[in-house]
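Heads up, the thing below is written out as structure tokens.
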Amino acid sequence: MIEISHIKKGFGGKTVINDVSTVFKTGKCNLIIGTSGSGKTVMMKCLVGLFEPDSGEIIYDGKNFSEMNEDGRKELRQSIGMLFQGSALFDSMTVEQNVMFPLDMFTKNTPAEKLKRVNEVLDRVNLQGVNKKFPGEISGGMKKRVGIARAIVLNPRYLFCDEPNSGLDPQTSLLIDKLIKEITIEYNITTVVNTHDMNSVMEIGDHIMYMYQGVKEWEGSNKEIIFSKNKLLNDFIFASEFLQDAKNMRMLEAEGKIDSQDLDDLAKKG
Ligand SMILES: Nc1ncnc2c1ncn2[C@@H]1O[C@H](COP(=O)(O)OP(=O)(O)OP(=O)(O)O)[C@@H](O)[C@H]1O
Ligand SMILES: [Mg+2]
């Protein structure tokens, strides 16, 4: 569990994160959603210590990250895996070397032990036979998988994924989402995912925080989002008229003003 309270962050006098508090639960996919520039990446960078918040606290399972010294943070960082926006693989290293990198950095394992672990995680993300390939030689979806394999190679307790679906087709996106969700449950990780992908919200959004101009505008589950009356959230999620109509129908049905027979009749009418 990661608890954040009253996080603020600005750059050059411009506030980017404004007094945000929430709880990211263990074994769940916690989503941060919001339009481009709403502060998702800055928030994630604050969470992992790449940016220092101007004020507020970040508490990892009772340990106050904000008050830790460099040694404490270094230790905690070893239990954090991160998939960066755009994968951020080393282009001059093979897939195997990329995934092995954290093991080289943080463990004293033998080369054989490291290779065994690399193959285990590559297997876990369904990538076989690509060890010797370079990132430039594999597809976008495969790069994301390599990024995920690298993020989980040290058995993290916390996993951060910044836009894991950017640049992927809807079906590949779904596979990546499902993989993140499976891994989260299987290893009981506290996972935080930044996204603006509506499919991801519905597929894996156990807990969703909607950010608007640096402020937490709404939070809840993927089931609750359908019925939310928050105008800003609805304008963001149900951006097209088609989705807005579908949502309105669903609301009318839920409120008993329309029944499923009416919906069937409408469907038959075309
Ligand atoms: N290092 C920085 N220095 C100054 N301003 C920054 C810095 N990083 C981010 N910002 C500003 O913070 C705001 C939020 O940016 P952020 O990258 O968090 O958005 P985002 O929600 O992740 O958007 P996207 O969906 O496009 O990834 C933007 O206005 C951006 O210009
Ligand atoms: Mg971003």
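Every number in this text was worked out from the coordinates using simple rules, so none of it is lab data. Everything quoted here is computed from the prediction, not taken from an experiment. Here the Cβ positions follow ideal geometry from the backbone for every residue, glycine too, while neighbour counts run over all protein chains shown.
Please find, in a Gaussian network model of the chain (springs between Cα atoms separated by less than 10 Å), the residue of 96, 137, 241 whose mean-square fluctuation is greatest. Of 96, 137, 241, the most mobile in the Gaussian network model is 241.
Pull out a ≥ b ≥ c, the square roots of the eigenvalues of the alpha-carbon gyration tensor of the range 140-217, then state rounded if a/c is under 1.5, prolate if not and a/b is larger than b/c, and oblate in the remaining case. Since a/c reaches 1.5 but b/c is at least a/b, the shape of the range 140-217 is classed as oblate. Convex hull volume of the C-alpha atoms in the range 71-136, normalised per residue: 107 Å³. The mean sequence separation of alpha-carbon pairs under 8 Å and at least six residues apart, normalised by the residue count of the range 101-260, gives a relative contact order of 14 percent.
What you get for the range 153-270, charging only the Cβ of Lys and Arg (+1) and of Asp and Glu (-1), is a dipole of about 200 debye around the Cα centre. In the range 2-225, taking the dipole from charged Cβ atoms about the Cα centre, the farthest positive-side position among 100, 46, 84 is held by 100.
Summary value for the chain: 25 percent relative contact order, contacts being C-alpha pairs under 8 angstrom separated by 6+ residues. Summing +1 for each Lys or Arg and -1 for each Asp or Glu among the other residues whose beta-carbon sits under 10 angstrom from that of residue 222 gives -2. Which log10 I(q)/I(0) values, to two decimals, does the chain give at q = 0.07, 0.10, 0.13 Å⁻¹ under the Debye formula with one point per Cα? Taking Cα atoms of the chain as identical point scatterers yields -0.29, -0.57, -0.90. Just check the range 122-184 against the gyration tensor rule for me: Cα atoms, a ≥ b ≥ c as the square roots of the eigenvalues, rounded for a/c under 1.5, and otherwise prolate or oblate depending on whether a/b exceeds b/c. Oblate. Each other residue within a Cβ distance under 10 Å of residue 95 adds +1 if Lys or Arg and -1 if Asp or Glu, for a net charge of +3.
Average 1/r across all pairs of distinct alpha carbons in the range 81-195, invert it, and you get the Kirkwood radius: 14.0 Å.
Compute the distance from the alpha-carbon center of the range 171-230 to that of the range 1-61, in whole Å. After rounding, the separation between the Cα centres reads 15 Å. Given their separation in residues at 0.36 nm each and the Cα-Cα distance between them, residue 268 and residue 52 gain 72.1 nm when the chain is fully extended. Each residue, residue 90 and residue 252, gets one label point 7 Å from its Cα in the Cβ direction; the gap between the two is 5.9 nm. The slack in the chain from residue 105 to residue 120, taken as 0.36 nm per residue of separation less the alpha-carbon distance, amounts to 3.6 nm. For residue 139 and residue 26, what does the FRET efficiency come to when R0 = 41 Å and r is the distance between their Cβ atoms, rounded to the nearest 0.05? After rounding, the FRET efficiency stands at 0.80. Rounded to the nearest 20, the Cβ-based charge dipole of the chain about its Cα centre (Lys and Arg +1, Asp and Glu -1) stands at 640 debye.
Under a Cβ-Cβ cut-off of 11 Å, what is the net charge of the residues other than residue 133 that fall near it, where Lys and Arg count +1 and Asp and Glu count -1?
Numbers: positive: 132, 143; negative: 96, 137.
Cβ neighbours under 11 Å give a net charge of 0.
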